[in-house]
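What follows is one structure encoded as structure tokens, with my remarks underneath.
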Amino acid sequence: MARRIIIDTDPGIDDAMAIFFAIASPELDVVALTTVFGNAHTTVCTQNALRLLEIAGRTDVPVAEGAHAPLAMRFRGPADFVHGTNGQGDAPLAPPSTSAVADGAVELIIREVMAAPGEITLVPLGPLTNVARALRAEPRLAANLAGIVLMGGNAFCGGNATPAAEANIVNDPEAADVVFGAACPVVMAGLDVTERIVMTGAQLDRIAAVDNPRAQHLAAILPYYRRFALDRQGLDGIFVHDSTTISYLLAPEHFTSVSHPVRVDTGSGVGRGKTWASTRRAEHGDDPWAGRPPVTILTGVDADAVVRLELGRLGVPG
Ligand code: BDR
Ligand code: CA
């Protein structure tokens, strides 16, 4: 039976890749998309989610709009310099002909999870506001989830949005600290692993040669993301951030991990948003990680294998 997932997303160029990758994978059943601010404002992300499903021919998948702002601060603002002002690389996009469902993201997540105990995995690809709100609103949610496989954080490397922190986490550190404390299996696909997975310029060019609407949409939006990667990171290609969650769900054997409790820096200093893994016991004094469940932190990957897997699912011949 296909594994049932809800993707919580801020589409986003790499979000679009991950959504198409998931939809093209028969091992996964995408129950819904829920949206959040991040790469763009939430209303833009909702429009993009609807449009992506239309392009994929999957308007049967409901979209529920989520939070417009983090739990305890103002939204830092869209990452238009990475994803374009429309979140889709400034490619011209027709408005969707479908609409979001009446339920909000939190309501949809709680309803679907509680109706199918132990079946649903949440796959957050943006700030963790919706997931934290759902965990708080329904204390039995964690126990009824199959797990959470999220893109975000940086346990053993520097950040990308700030020297300390990764973009999804720094956009709502308080929410992330709630989610890393959830009493269910949590897998963190953070920069420790996603920055080891590069899809090269030559590989991205091969997507453009695929004659289907999904690949053609990716070909239209990827140039913006590639320009950012070249200018800011000196990379001929892109880091495959969000799709790493889908690769892990499909082929966990390609990954290595460590397991430690994780806390998020929710202070107001330069470290705000940093994900700290507790790798040793506190020698004295209070232990801020005490009582926190272990998180599976992905640290190693067979990058060639997962890039091949994703390209194959996107229709690029092997
Ligand atoms: C994350 O930040 C967003 O810009 C991407 O979509 C991804 O989810 C990478 O740090
Ligand atoms: Ca994202």
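The values are calculated or read from the model by the stated rules, or taken from the named source; none is laboratory data. Quantities reported herein were computed from a predicted structural model and do not represent experimental measurements. No Cβ is skipped: glycine too gets one built from the backbone with ideal geometry, and neighbour counts run over all protein chains shown. These accessible areas exclude ligands, DNA and RNA; they are computed on the full protein's heavy atoms, side chains included. Shrake-Rupley method; radii C 1.70, N 1.55, O 1.52, S 1.80 Å.
Per-structure values
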| read-out | value |
| --- | --- |
| C-alpha center-to-center spacing [the stretch 3-23, the stretch 181-250] in angstrom | 11 Å |
| Expected 222 nm ellipticity per residue - DSSP helices of 4 or more, -39500 (n - 2.57), all of the chain, to 500 | -10500 deg cm²/dmol |
| Cβ-placed point charges (K, R +1; D, E -1), dipole of the stretch 3-313 about Cα centre in debye, nearest 20 | 260 debye |
| Charge dipole of the chain about the Cα centre (unit charges at C-beta), most positive-ward option of Pro317, Pro78, Thr35 | Pro78 |
| Rh (Kirkwood; distinct C-alpha pairs) - the stretch 76-135, Å | 14.3 Å |
| Radius of gyration and Dmax over the Cα atoms of the stretch 116-263, both given in Å | 16.7, 48 |
| Rounded accessible area per residue of the chain, 1.4 Å, Å² | 40 Å² |
| Packing rank of 77-84, 252-259, where each peptide gets the mean count of other beta carbons within 10 Å, highest leading | 77-84, 252-259 |
| Peptide ranges 95-104, 126-135, 45-54 listed from the most packed, as the mean C-beta count within 10 angstrom indicates | 126-135, 45-54, 95-104 |
| Carbon/sulfur fraction of accessible area - the chain, other protein chains in place, 1.4 Å, % | 51 percent |
| Interchain or long-range residues, amide H under 5 Å from Arg3's placed H | Leu28, Asp29 |
| Rg followed by Dmax, in Å, when the chain is reduced to its Cα trace | 18.1, 61 |
| 10 Å-binned pair-distance histogram of the stretch 23-145 (Cα, whole percent) | 13, 42, 35, 10, 0 |
